[in-house]
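The structure appears below as structure tokens.
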Ligand SMILES: Nc1ncnc2c1ncn2[C@@H]1O[C@H](COP(=O)(O)OP(=O)(O)OP(=O)(O)O)[C@@H](O)[C@H]1O
Ligand SMILES: [Mg+2]
């Protein structure tokens, strides 16, 4: 089940924002609404769901509505219309007490500006959220210490923030967000103020933390690289509207419109696309069918070699036409002549690495999974064409 389900979620800033709802319904743009009725559309009928344990990234240019959208999720901003279902329960309809419980138990937030209190210790900063929620001293110390430990700040609890580097300060912010052990963590440009290298470290740590703790994370960024690195799915916003939601690959390969295209045009595809994206179905044969059938199949399909697989599709090797002819003449089996030292990669191998590998060899590369099952083959032309951005997706494979 989705942990969050958002339906028709809308925020219009300004007095009596609801006035603009029928206008949105009629298809008025954000610009027109601003001009004619002096209201600002923050979020326009957002509709999506987030799965448990997912890192859901929200991207878009400045002013596109990212911060507004996440703040609607925990009602730091009150929605003008629509629903936010948390495990099926509408957050928008919660009374103040229910909302307090929701924020206390289920949802945490990390901001871009670390928002640390300079005169408080690291520990007291990490405790802040718990303190606001009225959790008693001993308990909140225990929880905050645990959270600090988790983000690698064990031993730093008595320092002051200004004694810490930027990266460490952001860890304090992260610890604060994690202290109440929420199901969902909202992160608004949490890493944007960090130096590039520290930022990469933090991204890596977030991924590890997420893998260990199975949190659901809603992560805002306007850095595409960051989105691609950490996002399971990415939502792209423009003028308050979500214009596309998809996996990083889907966004890159099939941008929904020019806006998304412009976002992704500078991406180095070789560092994003994998063998699985460009592989094609191989011509295969089972060894027991013999060299005569192998030759016939090669002729029928216009290929000069076949991949030899067993009943479970596990890769045994490759047989060429020459090998098959020789086997036939000398009364040998496919097993006797097959070549087993053929180039292989995992489906997740990046085109970048594949490309290097293929410059040195002249055979296609076999794509095999952990159990040695043949998933497809990659030929040089497909890699080149994908890197040139000519990829056309068809049932998960490029053709
Ligand atoms: N409190 C507010 N009152 C009026 N308008 C607001 C308010 N907060 C945001 N807006 C407007 O709503 C729109 C979306 O703003 P929002 O802050 O959500 O964008 P953003 O995508 O987070 O941008 P950034 O990348 O700069 O943080 C903008 O047009 C903004 O001017
Ligand atoms: Mg913002």
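Structural remarks
- Taking 0.36 nm per residue of separation and subtracting the Cα-Cα distance, full extension of the segment from residue 119 to residue 356 would add 80.0 nm.
- Springs between Cα atoms under 10 Å define the GNM used for the chain, and in it the highest mean-square fluctuation of 43, 367, 337 occurs at 337.
- An oblate overall shape is assigned to the stretch 49-89, the ratio a/c of its alpha-carbon gyration tensor axes (a ≥ b ≥ c) being 1.5 or greater and a/b not exceeding b/c.
- Normalised per residue, the volume of the convex hull around the Cα set of the stretch 275-398 (Å³): 106
- Our helix-only sum for the chain, with -39,500 (n - 2.57) per DSSP H run of n ≥ 4 divided by its residues, gives a mean residue ellipticity at 222 nm of -11000 deg cm²/dmol.
- Computed extension gain for residue 304 through residue 380, at 0.36 nm per residue and net of the alpha carbon distance, reaches 25.8 nm.
- Taking the chain as a Gaussian network of alpha-carbon nodes connected by springs under 10 Å, the highest mean-square fluctuation of the residues 63, 129, 53 belongs to 63.
- P(r) tail fraction, the stretch 190-256 - alpha-carbon pairs more than 21 Å apart, %: 29
- Size descriptor for the stretch 18-121, Kirkwood hydrodynamic radius: 16.0 Å (Cα pairs only, one decimal).
- FRET efficiency for the residue 261 to residue 76 pair, using the beta carbon distance and R₀ = 30 Å, is estimated at 0.40.
- A convex hull fitted around the alpha carbon atoms of the chain yields 182 Å³ per residue.
- Spin-label pair residue 90/residue 321, simplified geometry with 7 Å Cα→Cβ offset, distance in nm: 6.9
- Sequence-distant contacts, meaning Cα pairs under 8 Å at least 6 residues apart, place the relative contact order of the chain at 15 percent.
- Pair residue 201, residue 312: separation of 7 Å Cα→Cβ label points (nm): 4.3
- Measuring max minus min along each principal axis, the C-alpha atoms of the stretch 325-376 give extents of 42, 26, 14 Å (largest first).
- Label zone at residue 247 (point 7 Å along Cα-to-Cβ), backbone N below 11 Å, the stretch 337-354: 348
- Between 0 and 90°, nearest 10: helix 122-132 axis offset from the chain longest Cα axis: 70
- A Cα-only calculation for the stretch 126-213 places Rg and Dmax at 12.8, 38 Å.
- P(r) weight above 19 Å for the stretch 173-290, C-alpha pairs, percent: 57
- Gaussian network model of the chain, springs between alpha carbon atoms under 10 Å - residue of 62, 121, 15 with greatest fluctuation: 15
Read-outs: derived from the displayed coordinates by stated rules, not from any lab. All of these numbers come straight from a predicted model, not from anything done at the bench. Backbone-built Cβ (ideal geometry, glycine too); neighbour counts: all protein chains shown.
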